[in-house]
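Single-structure report; data block below.
Taken together, the values in this text are just the output of simple stated rules run on the coordinates, not laboratory data. Only a predicted model underlies this, so the values are computations on that prediction, with no experimental measurement involved. Here Cβ is always computed from backbone atoms with ideal geometry, including for glycine, and neighbour counts include all displayed protein chains.
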């Protein structure tokens with residue numbers, strides 16, 4: 001019976017679907033995103049090195065450019081859904097507001113399992129998207145930047161799959177509002 005197999009005698013009884021969705025594995029899922037971002041950055045000719053802080057203080061990676069600039073990066077890794085849509089549920093309003101005042105602070109949103117698609121935002125640009133409750137497209141699919149749950153504490157990004165929210169996607173395409181300039185655009189961090 002699909003979804004009923006118990007893996008490794010897990011006392012929580014996680015099903016195959018739970019395991020693949022990342023349920024019960026948020027730390028591993030987050031670390032997977034951080035390593036994927038680190039690999040992308042290390043492949044860039046302008047990067048001297050990438051460091052992972054020993055303690056989690058809200059900065060997941062520290063990047064040193066060959067020009068001697070320091071960049072701080074917060075990585076958020078999405079769960080992925082059958083629709084190919086992704087949601088980022090855990091962006092702290094308090095942290096993003098503070099981070100947006102710091103020069104050289106970036107947020108990288110990692111999509112996929114393993115992550116292979118990325119949205120690269122300067123923190124101030126990401127905060128602006130939330131403040132304006134941006135609704136547009138990303139790679140042709142609807143993307144929404146909204147307040148999350150609990151209200152006033154978290155932000156949420158909904159990047160819908162290709163077959164979801166068709167009418168809203170068409171309307172967003174008509175308005176030509178897009179975040180494609182952030183899609184896999186690592187040079188923004190330079």
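Take each peptide in 110-123, 134-147, count the other Cβ atoms within 10 Å of every residue, and average; sorted highest first, the result is 110-123, 134-147. Average 1/r across all pairs of distinct alpha carbons in the range 26-189, invert it, and you get the Kirkwood radius: 16.1 Å.
If R0 is taken as 35 Å, the Cβ-Cβ distance between residue 101 and residue 54 corresponds to a FRET efficiency of 0.90.
Exposure proxy for 107, 182: other Cβ atoms within 10 Å of each Cβ, ordered fewest to most, give 182, 107.
On full extension, the segment bounded by residue 167 and residue 133 gains 10.4 nm, given 0.36 nm per residue less the C-alpha separation. The value of relative contact order for the range 26-189, using C-alpha pairs under 8 Å at least six residues apart, is 20 percent. One decimal place: the segment residue 39-residue 185 gains 51.1 nm when fully extended, by the rule 0.36 nm per residue minus the C-alpha distance.
What is the range 66-137 by shape, rounded, prolate or oblate, if you read a ≥ b ≥ c off the alpha carbon gyration tensor as root eigenvalues and call it rounded for a/c under 1.5, prolate for a/b larger than b/c, and oblate otherwise? Here the range 66-137 falls in the oblate category.
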